[in-house]
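Here's the structure, in structure tokens; my notes come after.
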Amino acid sequence: MNLNWQNFLRSHQAEFNNDADISFTHTNITNPKALYPIPHLGILKISGSDAAKLLQGQITCNVNDITETKSSLGALCNPKGRVLSTFLLIKTPDGFLMILPIDLLDSIQKKLRMYILRSDATVNNVTENLCLFGLNDQTKPNNIERFNTHQDTFISVSFTDTVNRQLIIADTDTAINLWTQYSTKENFTNANSAHWRYLDLLAGIPWLSPATAEEFIPQMLNLDELGGISYTKGCYTGQEIVARTHYLGKTKRELVLAECLAPFSPVPNASIYAVDSDSDQAIAKVLLALPTPDQALNQNKTNLIKYSLLIVLQKQENAPKALIMSAEQPIPVTLLTEPA
């Protein structure tokens with residue numbers, strides 16, 4: 001995040017709690033119109049005449065299906081089909097923008113550069129050159145398909161097909177002008193970055209972290225349901241495992257939404273067990289846990305905090321009757337979406 005953008009946000013009472021978390025001193029969580037800084041995601045730019053060819057040989061989605069008006073989720077995998085990182089891929093007039101967790105950006109940049117060889121392609125970190133922020137307007141229903149993309153002086157990507165929730169990418173001056181316009185003329189509230197992550201969690205968007213990288217195959221993250229896997233595009237790293245899992249119908253795990261009350265935040269890859277199981281093997285792993293936004297309402301006398309979770313759950317014929325976080329500290333976990 002570049003300094004001018006940081007200074008602009010600070011002028012609007014933003015507090016930088018760490019490199020990936022920004023909050024505002026004054027924010028109205030009840031306002032259905034909100035703007036969110038997004039420091040936890042970074043941007044790689046892949047350009048050159050061989051940019052599409054480079055990506056096509058490494059990612060799960062089909063580059064040829066991505067246009068300047070239609071973006072896509074996708075994943076990069078290791079040779080065993082395990083996901084190194086998920087991403088959002090956007091086609092621009094001069095290449096591609098890959099939006100991904102900033103903690104994984106350096107490793108993915110190095111990975112892609114390994115395959116350039118003599119190709120006419122470059123992979124550059126442009127996080128300092130472009131600004132990311134989110135817009136959520138619950139007053140306007142959205143009939144635009146998810147990941148539809150509009151490009152003009154800035155890029156906007158629809159993140160839901162129910163309400164107007166957009167990811168916006170712009171140069172610094174344009175981002176400042178847009179934020180100012182939305183705030184002053186359209187009455188948008190400055191909102192905490194953690195709440196945008198929470199909205200992504202509720203939408204089932206499987207952003208990874210260093211702790212969860214190389215743990216799951218794409219289908220375990222529901223990337224097939226999100227349009228992030230092509231089974232007809234041809235070879236890419238890890239494709240054999242991903243395709244075999246699809247055609248044999250043997251996806252053993254799936255991504256589901258859950259919640260728990262806990263005195264601490266469940267860490268990525270934390271194990272979850274079935275109470276009624278005879279096995280001591282974990283039945284699920286935590287992908288991401290975030291406190292729900294209304295903690296003033298959720299916190300109780302025992303100082304337990306309500307967390308929303310994305311968990312990778314083992315598929316079973318009969319859904320488990322009860323789940324706990326661990327045997328040592330048996331924190332109950334409640335499923336919010338029915339397993340497939």
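The values are calculated or read from the model by the stated rules, or taken from the named source; none is laboratory data. Remember, it's a predicted structure, so these values are computed and weren't measured experimentally. Neighbour counts run over all protein chains shown; Cβ positions are idealised from the backbone, glycine included.
Being free of Cβ contacts under 8 Å to residues at least 40 places away in the same chain, within 15 Å of the chain's Cα centre (by Cα) and assigned to a strand (DSSP E or B) holds for only one residue in Leu84, Leu89, and it is Leu89. Between Ile205, Ile241, the distinction of being closer than 26 Å to Asp106 by Cβ and over 22 Å from the mean Cα position of the chain (by Cα) belongs to Ile241 only.
Give the residues of the stretch 3-20 that are farther than 23 Å from Asp137 by Cβ and either touching a Lys or Arg at 6+ places or on another chain (Cβ under 8 Å) or at pLDDT 90 or above (or both), sorted by residue number. Show your work before the answer.
Within the stretch 3-20, the subset farther than 23 Å from Asp137 by Cβ is 3-4, 6-7, 10-11, 15-20.
Those that are farther than 23 Å from Asp137 by Cβ and either touching a Lys or Arg at 6+ places or on another chain (Cβ under 8 Å) or at pLDDT 90 or above (or both): Leu3, Asn4, Gln6, Asn7, Arg10, Ser11, Glu15, Phe16.
If you filter the stretch 161-193 down to residues that are of a type outside the set (D, E, K, R) and part of a loop (DSSP other than H, G, I, E, B), you find that the one that is surrounded by the most Cβ atoms within 10 Å (Cβ to Cβ) is Ala191.
Considering only strands (runs of 3 or more DSSP E) fully contained in the stretch 194-296, which possess at least 1 residues that are in contact with a strand residue (DSSP E or B) (Cβ under 6 Å, 6 or more places away or on another chain), among the aromatic types (Phe, Trp, Tyr) and over 25 Å from Ile102 (Cβ atoms)? First the steps, then the outcome.
On the way: elements: 253-262, 271-274, 284-291.
Those strands (runs of 3 or more DSSP E) span 271-274.
Considered as a group, the residues in the stretch 216-245 that are over 13 Å from Val83 (Cα atoms) and β-branched (Val, Ile, Thr) include one that is surrounded by the most Cβ atoms within 10 Å (Cβ to Cβ), and that residue is Thr245. Among the residues of the stretch 255-284, those identified as touching a Pro at 6+ places or on another chain (Cβ under 8 Å), farther than 20 Å from Pro210 by Cβ and among the hydrophobic types (A, V, I, L, M, F, W, C) are Val256, Cys260, Leu261, Ala274, Val275, Ile283.
Output the residues belonging to the stretch 34-61 that are in a loop (DSSP other than H, G, I, E, B) and under 24 Å from Asn222 (Cα atoms). Spell out how you get there, then give the answer.
Narrowing the stretch 34-61 to residues in a loop (DSSP other than H, G, I, E, B): 38-40, 48-50, 57-58, 60-61.
Residues satisfying the conditions are Ile38, His40, Gly57, Gln58, Thr60, Cys61.
Against the conditions (1) modelled with pLDDT of 95 or more; (2) exposed (fewer than 13 other Cβ atoms within 10 Å of the Cβ); (3) not assigned by TED's automatic domain parsing to the domain that holds Leu55, Pro210 satisfies every one except (3). Residue pairs whose Cβ atoms lie under 9 Å apart, sitting 6 or more positions apart in sequence or on different chains, and linking a residue in the stretch 136-161 that is at positive phi to a partner that is among the aromatic types (Phe, Trp, Tyr), are Phe147/Phe159. Considering only the stretch 246-259, how many residues are buried (at least 19 other Cβ atoms within 10 Å of the Cβ) and touching a Ser or Thr at 6+ places or on another chain (Cβ under 7 Å)? The number of residues fulfilling the criteria is 2.
Taken together, the residues in the stretch 21-51 that are surrounded by fewer than 17 Cβ atoms within 10 Å (Cβ to Cβ) and hydrophobic (A, V, I, L, M, F, W, C) amount to 1. If I ask for residues that are at pLDDT 95 or above and of a type in the set (Val, Ile, Thr), which ones from the stretch 23-55 would you list? Result: Ile38, Ile43, Ile46.
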